[in-house]
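Read through the structure below, which is laid out as structure tokens, and then see the notes.
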Amino acid sequence: MTDVGTATTETYRLTRYAHGGGCACKIPPDELDSIVTGSGIAANGDRSAHQMLVGLDAGDDAAVVRSHGDTAIVATTDFFTPVVDDPYDWGRIAAANALSDVYAMGARPLLALNLLGWPRDLLPMELAQRVLRGGADVAELAGCPVAGGHSLDDPEPKYGMAVTGTASADRLLRADAGTAGAPLSLTKPLGIGVLNTRHKATGEVFPQAVEAMTTLNESAARQALAVGAGCATDVTGFGLLGHLLELARASGVSAVLDSNAVPYLDGAREAVRDGYVSGGTRRNLRWISEHTDLSRVDEHEALLLADAQTSGGLLVAGELPNAPVIGRLISAEENAVTVR
């Protein structure tokens, strides 16, 4: 880590300056849908005029417009409060998470802008420098320049990026392109949320969670395109079950999930057993329960499957090398998820 100044993680535990952490701070999906629907924003817009390929109606990870010929422009933004205490790691995680929405569309990141909120009277600015350095280092790994951004004085620290990318308009990964019979592959293990919640409560550091969150989804996206997949989403704040349910609804199918095939980070089961479950995860479980058959798994397993992830992996409708197949899409009259 690049050392900046004298402020230490031990002196300033960043997670204590936020009411929540990471993607667990998302507004619940049912509330979000109500807000967007009631805002008066047209779901489809004039696609013929704007050449919009993916908009609000798709429930996807980013917006996509056709630029010229086969070239599409992909735009997204993501930011959140601290998910770990180390400012450099938080910056890396937030950048990887923002870039993930571009990869989830099968796109290549082209340019990023920083989004920073900082309680300047509470936390030293040198910690903000470390956050920005972490974000810049991950963006450099992605081959994506960071060109400025926007900052504000905020009661809680917040960081993320707005990212623009490019893709082939005819080779997008979309949440609404799933077909019955397609296998479901998951490219990162679950458990990030419960380990982060334990970290916030106790200060314990979980390198396996940090490694998972800072791993770019670039390779997973390339593999998905290479095997001819056309449907994917990334697993973040709504948990595996929430994002799978949204994918199934958008695609007009249902899904069967094999709980025994889902991979977990070391320590995840112990964390949920010991009660380190975020409010976001519990909201996820309440939301999906009306549309998900969880009768074959216990409460702990259900919470892990609904665990709010930060910078999670890709969920791909297709079979990828080195990624476990955790279920499949099926035909059904009602779009729902069955867990076995």
Förster-model FRET efficiency, 35 Å R0, R273 and R16, C-beta, rounded to 0.05 = 0.90
Would you mind computing Rg(Cα) / (2.2 N^0.38 Å) for the stretch 62-117, counting N as its residues?
-> 1.31
Cα-based Rg of the stretch 256-340 normalised by 2.2 N^0.38 Å, two decimals | 1.12
How big is the equivalent ellipsoid of the stretch 130-180 along its three axes, where each semi-axis is √(5λ) from the Cα gyration tensor, reported in whole Å from largest to smallest?
-> 30, 16, 11
Fraction of the pair-distance distribution of the stretch 197-340 above 25 Å, Cα-Cα pairs, percent = 26
Calculated P(r) of the stretch 130-270 - Cα pairs past 24 Å, % | 45
What residue among T179, T310, T15 has the largest mean-square fluctuation in a Gaussian network model of the chain, using Cα springs under 10 Å?
-> T179
Ratio of the Cα radius of gyration of the chain to 2.2 N^0.38 Å, where N counts its residues = 0.95
What does the helix-only formula give at 222 nm for the chain: each DSSP H stretch with n ≥ 4 adding -39500 (n - 2.57), the total divided by the residues, and the result rounded to the nearest 500 deg cm²/dmol?
-> -10000 deg cm²/dmol
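Read-outs: derived from the displayed coordinates by stated rules, not from any lab. As the structure is a computational prediction, the values presented were derived from the model and not from experiment. We place every Cβ from the backbone using ideal geometry, glycine too, and count neighbours over all the protein chains shown.
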